[in-house]
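Below you'll find the structure, written out as structure tokens, and then a few comments.
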Amino acid sequence: MLRLLICSISILFTLPALAESLHVKSGESVTIEAGQEWLDLKELILEDGATVSFAPDVRRWQVSADKAVIGKGVLISGAGLAGEQGGNGESVTGQADECEDGVAGDSGEQGLRGNSGVSISLDLKVHSWGDLKVITSGGTGGHGGAGGQGEQAGAIDKCSRTKGGAGGAGGDGGDGGNGGNVRIRYSYLESSSLTGPLNKWLEVENRGGLGGKAGEGGKAGEGSKGRYINMRTLTGSKKWIPGGQAGVDGAAGQQGRSGVDGQLVVEENMVGQLDKRIQQQVSAQAERIAQQALLAKQQALEIENKALLEKLADTQTPQPAIDLKQRPNDIASELSALTESHKEQAEKINRLENLVEQLQRQMQQALEALETKQ
């Protein structure tokens, strides 16, 4: 009991590791076994020519993947198996005892129902997609067995005519299996270059299986043969005794009914696509605001450089000779004018810095608004 408990715990802890990813290499195949019907994957990678099939006892496969990479010529094969054919009815060979009617042949058995296709549900965030074919058609119903042949009637010697045995009825064909339902819900990752509906790279076959053919009815046994007997009559010394009737041929069985077609739903995950569009809008708006801020900074630098150049030019311009008594007043005037010019340049720079801050606040408000929509 302790060993069984330890094994069970070990299995429980190893299962999540199997669900990290499913990777089928080019041209290879994998069979989904019982216990793998529900997979929550980080990655689903099916390379070119990869095939996914299913064990007979797997009736459903549900997969979600954070990243799906589907190659070209990929096949998911979950068609139902055909039903077994019904057994043939046993024939009664030979001839019945003298003066006995023939025994009827046995009826054929009904064909078994075809298996339904695997129902498949995929919830994928697509990175790349070549083309995928999904087959979940129902299996064909088994054909009905043939009816057995009836026994030949016994000979007549000292008795009246005898009848042949009836043929056995044919078995009914088995019903076809239902097609498996297919549901694919997808969204494109931001890293994907794909656009438009996924249907153009997808082929699905999920029709119901055909019903099995009806079994043929068995042949009837022959009736007793007529013969002459010794008896004096007006026409001579012999009299013709007619033979017995043949049995009735067995009726054919009925054709099996076709299975029900599976449903197909392919839908785009609008929530995922909305997230992608919001991210794109946020990135674009952030880029525009950053460009405006950069332009404003460039303008501020240009104004500052211009002011420095003007100051340098003023210091290099020759000054006319002036009276030394007037020099202090002239210097004070020049300093006052230069100070005023610097104040104007500083005010322009402050205005540009305020504009940059305003643009940054607008960008933050836009980001908060987009997050609220999500």
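Every read-out reported here was derived from the displayed coordinates using simple, explicitly stated rules and does not represent laboratory data. The structure displayed is predicted, hence computed values, not measured ones. Because the Cβ atoms are built from the backbone with ideal geometry, glycine has one as well, and the counts that use them run over all protein chains shown.
Assuming a ≥ b ≥ c are the square roots of the Cα gyration tensor eigenvalues, decide whether segment 19-268 counts as rounded (a/c under 1.5), prolate (otherwise, with a/b larger than b/c) or oblate.
Note, shape of segment 19-268 comes out prolate.
One Cα centroid belongs to segment 146-187, the other to segment 26-84; the line between them spans 39 Å. Each residue in Lys200, Lys306 was given a count of other beta-carbon atoms within 10 angstrom of its own, and listing them fewest first yields Lys200, Lys306.
As a rough footprinting exposure proxy, the listed residues Tyr228, Tyr186 were ranked by other beta carbons within 10 Å of their own, and the order from fewest upward is Tyr228, Tyr186. Among the GluC sites (Glu not before Pro) in segment 155-260, those placed in a DSSP loop whose Cβ has at most 14 other Cβ atoms within 10 Å are Glu190. For segment 26-31, the Karplus equation 6.51 cos²θ - 1.76 cosθ + 1.60, evaluated at θ = phi - 60°, returns couplings of 4, x, 9, 9, 9, 10 Hz by residue, with Gly and Pro reported as x.
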